[in-house]
Amino acid sequence: MLKDKNRIKIQRLKKPVRVLGLHQLPDNCDIAKAELIKKPDGYYIHLTCYIDKQNEKQEKINKPIGIDFGIKHQLTLSNGVKINYRIEETKRQKKLQKKLSRQQKGSRNYQKTKQKIQREHQKIYNRRKDIKNKILSLLRRYEYVLIQEEQIKNWHSGLFGKQIQTTGIGGIISMLKKNIETLISVNRYEATTKICSRCENRKEDITLSDRTYKCDNCGLVIDRDLNSAINILKIGLQKVEETTIKNLPLDWWDVKPVEREATARVLGSNPYVRVSYTSVKQEARLF
Ligand SMILES: [Zn+2]
């Protein structure tokens, strides 16, 4: 049925139709089902495909990963990978809203503008969904995923309400909870931003504007979010069976080539996502 990476042949339609996003399908998959769906901004094809279990296993990354969710950097992983994305209302959307407010309710032009707004909404929704799916696809390769979910709630009431909405962190967390069986959530009262991830010394005077964590006790200088991500990882792993941790290789927490490769491959195709790395530079062993 797949003609090439851009076109798809549909029954009862003479010509193959051009479809965007087919490059996301793995080369070795068998398509089981295809459904045509109509949405405000056009037609979509919903594909169900079979992937060989053996192939899926090879994609696994045999180590746990901790995640710190933030405003400045949306996700910081305990291996030093930072994932940034931001999807805001488009200029076109704002313009259309203005136009709509000047038009007579119920008129033909009013309806037309309304439809255009719906289409813009759908576009943004799709972009968000794609980012969420890609983040899930990356994280589900890890053996355990450790988060501190209640962090977010404290922000909602304060300054950051609007910024959180554009990042949709809450949506990402609920998606992870639904889809990752080995998700471990760390208690919200754990002071993961205040504790040094190397010597566990507690520092009280750290504010949101401090981007670097400097430990007065052991001298560790580390990216603030990375410090938190490692703490979340360490605290969360206390809930995991000890043998799992003992079987990990000595340098497991550093980012490995296979992780870099997977991160670039999974997230690289979305233009709204930016991936960067911050080095772990921890001289002491984590455990
Ligand atoms: Zn320290």
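The values are calculated or read from the model by the stated rules, or taken from the named source; none is laboratory data. Note that the structure is predicted; figures quoted are calculated from it, not measured. Here the Cβ is made from the backbone with ideal geometry for all residues, glycine too, and neighbour counts use every protein chain on show. All accessible areas refer to the heavy atoms of the entire protein, side chains included, with ligands and DNA or RNA removed. Shrake-Rupley method; radii C 1.70, N 1.55, O 1.52, S 1.80 Å.
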Handout entry: For the chain: relative contact order, % (alpha-carbon pairs under 8 angstrom, 6 or more apart)
Key = 22
Fill in the blank from the handout: Reported to the nearest 10 Å², residue 114 has, with a 1.4 Å probe, an accessible area equal to 100
Handout entry: In the stretch 1-57, lysine pairs with alpha-carbon atoms under 27 angstrom apart (chain gap of 8 or more, or interchain)
Key = 24
Problem - Net lengthening on full extension, residue 36/residue 182 (0.36 nm per residue, minus Cα-Cα) - result: 49.2 nm
Practice task
Just grab the label-to-label distance for residue 279 and residue 97, each label 7 Å out from Cα along the Cβ direction, in nm (one decimal).
Solution key: 4.4
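What does the extension gain come out to for residue 269 and residue 72, with contour length at 0.36 nm per residue minus their alpha carbon separation?
Net length gain for the segment: 68.7 nm.
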Handout entry: MRE, 222 nm, helices only [DSSP H, n ≥ 4, -39500 (n - 2.57), over the chain, to nearest 500]
Key = -11500 deg cm²/dmol
Problem - In nm, spacing of pseudo-spin labels at residue 212 and residue 5 (7 Å Cα→C-beta vector) - result: 4.2
Practice task
Sort 235-244, 34-43, 139-148 for me by packing, meaning the mean count of neighbouring Cβ atoms within 10 Å per residue, highest on top.
Solution key: 139-148, 235-244, 34-43
